[in-house]
1. Within the chain, what whole-number % of the accessible surface is contributed by carbon and sulfur, with the 1.4 Å probe and all protein chains included in the calculation?
2. On full extension of the chain, what length is gained from Lys109 through Met81, given 0.36 nm per residue of separation minus the C-alpha to C-alpha distance?
3. How large is the dipole of the chain about the Cα centre if only Lys and Arg carry +1 and Asp and Glu carry -1, each at its Cβ, rounded to the nearest 20 debye?
4. Each residue of the stretch 91-103 in order: what ³J(HN,Hα) in whole Hz does its phi give by Karplus 6.51 cos²θ - 1.76 cosθ + 1.60, θ = phi - 60°, with x for Gly and Pro?
5. Just going by the charge dipole of the chain, with Lys and Arg at +1 and Asp and Glu at -1 on Cβ, which of Ala90, Gly57, Ser72 is farthest out on the positive end?
6. Under a 1.4 Å probe, what is the accessible area of the chain per residue, stated in Å²?
7. Using alpha carbons only, what's the Rg to Rh ratio of the chain with Rh from Kirkwood?
8. Quick one: if you stick a label point 7 Å off each Cα along the C-beta vector at His125 and Lys96, how many nm between them?
Amino acid sequence: AGLSIVLVASGSEVGLTVQTAKLLEEEGSRVRVVSMPCWELFDEQAQHYRQSVFPKGVPVLAVEAAAPEGWSKYAHATVAMEGFGASGPAKDLHKKFGFTVDNVASKAKHIMAFYKGAEAPWLMHMP
């Protein structure tokens, strides 16, 4: 079987995607984790490189502790901030906003199920 999903993040969210990938792989999925600290630098790369990072037909889930804006160029779905203004211990806020292994894994499973038997659109082939 080929790659099941790509999890992409930048900064502190990369660790969460690595943990999520381990869980999904234990359950039988094939997962790639991509650290993308700079969209602009990635966009400057040759198309064959971008395609090697985000292969055709494979769904992509972005994890972003800020707003989801901008990730739709690279990902089919996001786990991102949908609000702001909360305060408290980081662990509690991560849970409140869905930045947990269980939540990211659940979203990944939903995306994989949605595209099961079909190719996810390749987002790297856009003007």
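1. On the way: 4010 of 7420 Å².
C and S fraction of accessible area: 54 percent.
2. Answer, rounded to one decimal: 8.1 nm.
3. Details: 12 positive and 13 negative charges, 60 e Å.
I would put it at about 280 debye.
4. 3J(HN,Hα) across the stretch 91-103, in whole Hz: 4, 5, 5, 4, 5, 4, 9, x, 8, 10, 4, 4, 5.
5. Sorting the options by dipole projection puts first Gly57.
6. On the way: 7420 Å² over 127 residues.
Result: 58 Å² per residue.
7. 0.96
8. Modelled inter-label distance: 4.4 nm.
The values are calculated or read from the model by the stated rules, or taken from the named source; none is laboratory data. This one's a predicted model, so the numbers in the text were calculated from it and none came from an experiment. All Cβ positions, even for glycine, are placed from backbone atoms using ideal geometry, and neighbour counts span all protein chains on display. The protein model used for the area step is the full one, side chains on, heavy atoms only, and it has no ligands, DNA or RNA in it. Shrake-Rupley method; radii C 1.70, N 1.55, O 1.52, S 1.80 Å.
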